[in-house]
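Engineer: Below: one structure in structure tokens.
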Amino acid sequence: QVQLVESGGGLLQSGGSLRLSCVASKIILSIKHMGWYRQAPGKQRDLVAVITPGGSTNYADAVKGRFTISRDNAKNTMYLQMNSLKPEDTAVYFCNVFIDNRANYWGQGTQVTVSS
């Protein structure tokens, strides 16, 4: 089993920045991809950004140019740098590590609230 722990969420004003972190409890082999998702109240969980072991990244259109996903393999940590935050970015942010359909791990989530 792998535990993922997110941190870095908070309450801030529109235009501000936050960096989320996701620490894995152990080194994970055979990762297909890892990423960040978010879920606003009453809405489904949506992909925000994903990164492959080779370093390729993909972003939701709503965050392109504002958010950056990265990882530090030595620290078993993935990051999401969020700049120019907007009220519509308000959500619980979850990190995810996908190995296969039997090994798909989620963190507990961290709340990000952006006020106008």
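Engineer: Please calculate how many Å² of accessible area the chain carries per residue, with a 1.4 Å probe and no DNA, RNA or ligand atoms counted.
Structural biologist: 55
Engineer: What is the spin-label model distance, in nm, from residue 84 to residue 113 if the labels are put 7 Å beyond Cα along the C-beta direction?
Structural biologist: In this crude label model, residue 84 to residue 113 measures out at 2.6 nm.
Engineer: Figure the gain on full extension for residue 99 and residue 3 (residue separation times 0.36 nm, minus the Cα-Cα span) and round it to one decimal in nm.
Structural biologist: Here the segment from residue 99 to residue 3 would lengthen by 33.2 nm.
Engineer: Antiparallel DSSP bridges in the chain: what percent, to the nearest 5? Don't jump to the answer; show the numbers that get you there.
Structural biologist: On the way: 39 of 43 bridges.
Counting DSSP beta bridges with both partners in the chain, the antiparallel share is about 90 percent.
Engineer: Within the chain, count lysine pairs with alpha carbon atoms under 23 angstrom apart where the residues are 8 or more positions apart or belong to different chains.
Structural biologist: Close lysine pairs found across the chain: 6.
Engineer: Within the stretch 50-76, name every residue whose backbone N is under 11 Å away from a label modeled 7 Å from Cα of residue 23 along the Cβ vector.
Structural biologist: Output list for this probe position: 75-76.
Engineer: Let me ask something else about it. Within the accessible area of the chain, what % is carbon and sulfur when the probe is 1.4 Å and the other protein chains stay in place?
Structural biologist: With neighbouring chains kept in place, the figure for the chain is 49 percent.
The values are calculated or read from the model by the stated rules, or taken from the named source; none is laboratory data. Nothing here was measured: the structure is a model prediction, and the numbers come from that model. As a convention, Cβ positions derive from the backbone with ideal geometry for all residues, glycine included, and neighbour counts pool all protein chains shown. The area values use the complete protein model at the heavy-atom level, side chains included, leaving out ligands, DNA and RNA. Shrake-Rupley method; radii C 1.70, N 1.55, O 1.52, S 1.80 Å.
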